[in-house]
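A quick write-up on the structure given underneath.
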Amino acid sequence: MNQLINITNQNGTSVVSARDLHQFLEVETKFTMWIERRIEEYGFVEDVDFVLLPNLGKQKERGGHNRKEYAITLDMAKELSMVEKTDKGREARRYFIAVEKKALAPQLSATPSVSVIEERNKKRDELLLLIRNNLLQGDIKQVAISNDWSYEMVRNVVRRKHFNSKMVEALFNKAMSNKQNQNIEITEMINQLKYQ
């Protein structure tokens, strides 16, 4: 199999350079805008789907000394390839699938019954359920306004249509604040009843 895009190993995970993938896919949008938009749009999570790498190379172009480098998982690379909806995108996606099949072939008998992705999604769902159970009316709008985010995007996070780690963290903090306040109120009510 010819190597279309260089695959490396990052802490035991097969990854590719997002910049190399961008170049292979022949995306016309500038790399920085493309990768940031795709991360936001498809809810990719740092340290799960990608990691930011320090730029250790020489400055090749103006502003190159502070550019961000992304090492992305093969799953993220497949998804990015697929959403480009081009021949190059299909070629890249098929390549990553073939690489993955080749790597997994000897391990098929040892494959766990629950995949890593299903486990991650289950944990996300549990977290979002905890958040939803502790949000009060108007909290979503308040979180959106205080962080200068679109109300619709924050609402889509709560509805599990989209995942954004920053939005989830802000919603979690708000929900836990509500839960703590509710516990204080209940404790005060119990104490008042004791002395009546």
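In the range 168-193, the residues that are in the same structural domain as Asp148 (by TED's automatic domain parsing) form Cβ pairs under 6 Å with partners that are at pLDDT 80 or above and surrounded by fewer than 16 Cβ atoms within 10 Å (Cβ to Cβ), at six or more places apart or across chains, as follows: Ala170/Asn147; Asn178/Leu136.
Taking the range 61-109 as the search range and keeping residues that are buried (at least 19 other Cβ atoms within 10 Å of the Cβ) and farther than 21 Å from Arg37 by Cβ, which one is modelled with the highest pLDDT? Only one residue fits best here, namely Tyr95.
Residue-wise test of (1) assigned to a helix (DSSP H, G or I); (2) under 28 Å from the mean Cα position of the chain (by Cα); (3) small (Gly, Ala, Ser).
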residue: Asp148; (1), (2), (3): no, yes, no
residue: Met153; (1), (2), (3): yes, yes, no
residue: Lys166; (1), (2), (3): yes, yes, no
residue: Lys174; (1), (2), (3): yes, yes, no
residue: Asn178; (1), (2), (3): yes, yes, no
residue: Asn191; (1), (2), (3): yes, no, no
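Leu56 satisfies every condition listed in (1) modelled with pLDDT under 90; (2) not in a loop (DSSP other than H, G, I, E, B) except (2).
The values are calculated or read from the model by the stated rules, or taken from the named source; none is laboratory data. On a predicted model such as this, the values are computed, not experimentally measured, just so you know. Note that we place each Cβ from the backbone using ideal geometry, even for glycine, and neighbour counts take in every protein chain shown.
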